[in-house]
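First comes the structure, then the notes that go with it.
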Amino acid sequence: MIRAMGFVLLTGVALMSCVAEGGPPVSVDTQETAIRPQADTAPSARATGTTGTTEPASSESKRVDFWFEGVPVQGALLTGRVPSDTVSLQFEGEHIELGDDGFFIVGLDRDSPAEVTLVAKLKDGGAIERRLSVAPGDWKLEHINAPYRAGVSSAAFQERRGAELAQIVASRGKNVQSDGWRQDFIWPVTGRQSGFFGSQRVYQGKPGSYHGGADIAVPTGTVFVAPADGVVTLAARDEFTLEGKLIIMDHGHGLNSAFLHASAILVNEGDRVRQGQPIGQVGQSGRATGPHLHWGLKWNDARIDPLLVAGAVS
Ligand SMILES: [Zn+2]
């Protein structure tokens, strides 16, 4: 529960109200300035350290504000560190996980609002609030001059689909311990990117659902690896209707990966895997028009762009 008093309002507030009234910012916090994306800079992976922020303060000196790495843009994953003496952390009013050393991650959904709020609750009962401006994502939109038509699915499909979705939800709900979220992610496989996260068809102004992952087109049988350490929470060798042979892996702190359309799965549920370890082979099982790996990333309920986490596909 958020306390009504005791907030130390740093940055954001004066700046936001000024901007809202159309006037120039009267106070600019250097840290907030440092993490604001530059208009002429494409969003890049947090691993590349584009923020220009200094290293987090050593444990000897007291941190009085949040520290962040990454560019706050829709679809991004930010790494942060809470102020000293923080006992718990909230993002948009929800409690989120905090490492013993004060580090945490925050995922900004594909459709994140333009401003999000973090609140650190302090040992002395006070709190520090930090607002972040979130830049809009640059999604590939395709405008179709035809009315939107929802697909018609059979009763048999719907019945099967319900059971599949229940398995996916259960696997994502498992609470596992992993430090994979701390690592610099690598691509599970490299090759031509044939599908982009966030891309969407718009039918005479009505948006269809967007693509929730990155597609890499490589031949059937190509081995793909774990992008970071994690625990396998689903290894579906019996094909799902849409995802085909599917692996879901938890990287800790609410972050998980899904790998779709595999031709073979090389791991089992409960396996603890290391970054770079082979986990499956690419295929076109489920609903796929050709062999490719679809890699989806979620942080709690937020859908994240793998390109912003692992950097450009090399
Ligand atoms: Zn895909």
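The values are calculated or read from the model by the stated rules, or taken from the named source; none is laboratory data. This structure is a prediction, so every number in the text was calculated from the model and none was measured. Counting neighbours? That spans all protein chains shown, and the Cβs are built from the backbone with ideal geometry, glycine included. Heavy atoms of the whole protein, side chains included, go into the accessibility calculation; ligands, DNA and RNA do not. Shrake-Rupley method; radii C 1.70, N 1.55, O 1.52, S 1.80 Å.
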Check on SER178, hydroxyl-bearing (Ser, Thr, Tyr) and at pLDDT 95 or above: yes
Kindly establish whether TRP181 is closer than 27 Å to ASN300 by Cα and away from the ligand (no atom under 16 Å from the Cβ). yes
Which one is modelled with the lowest pLDDT, of the residues in the range 224-251 that are surrounded by 22 or more Cβ atoms within 10 Å (Cβ to Cβ) and not in a strand (DSSP E or B)? GLU243
Enumerate the pairs (first residue in the range 106-126 and over 19 Å from VAL309 (Cβ atoms) and without any contact (Cβ under 8 Å) to a residue 12 or more places away in the chain; second residue anywhere and of a type in the set (Phe, Trp, Tyr) and crowded, with 21+ Cβ neighbours inside 10 Å) with beta-carbon separation below 7 Å, excluding pairs fewer than 6 apart on the same chain, so at least 6 apart or on different chains. none
Taking the stated definitions as given, is ILE265 surrounded by 17 or more Cβ atoms within 10 Å (Cβ to Cβ), within 14 Å of PHE240 (Cα to Cα), among the hydrophobic types (A, V, I, L, M, F, W, C) and in contact (Cβ under 8 Å) with a residue 24 or more places away in the chain? yes
In the range 287-304, which residues are over 19 Å from HIS261 (Cβ atoms) and either within 11 Å of the ligand (Cβ to nearest atom) or crowded, with 16+ Cβ neighbours inside 10 Å (or both)? TRP299, ASN300, ALA302, ILE304
Counted residues in the range 272-286 being open to solvent by less than 60 Å² (accessible area, probe 1.4 Å), assigned to a loop (DSSP other than H, G, I, E, B) and closer than 15 Å to VAL218 by Cβ come to 2
Identify all residues within the range 207-223 that are modelled with pLDDT under 95 and away from the ligand (no atom under 16 Å from the Cβ); write none if there are none. PRO207
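In this structure, is GLY195 within 16 Å of the ligand (Cβ to nearest atom), in contact (Cβ under 8 Å) with a residue 24 or more places away in the chain and more than 25 Å from ALA312 (Cβ to Cβ)?
no
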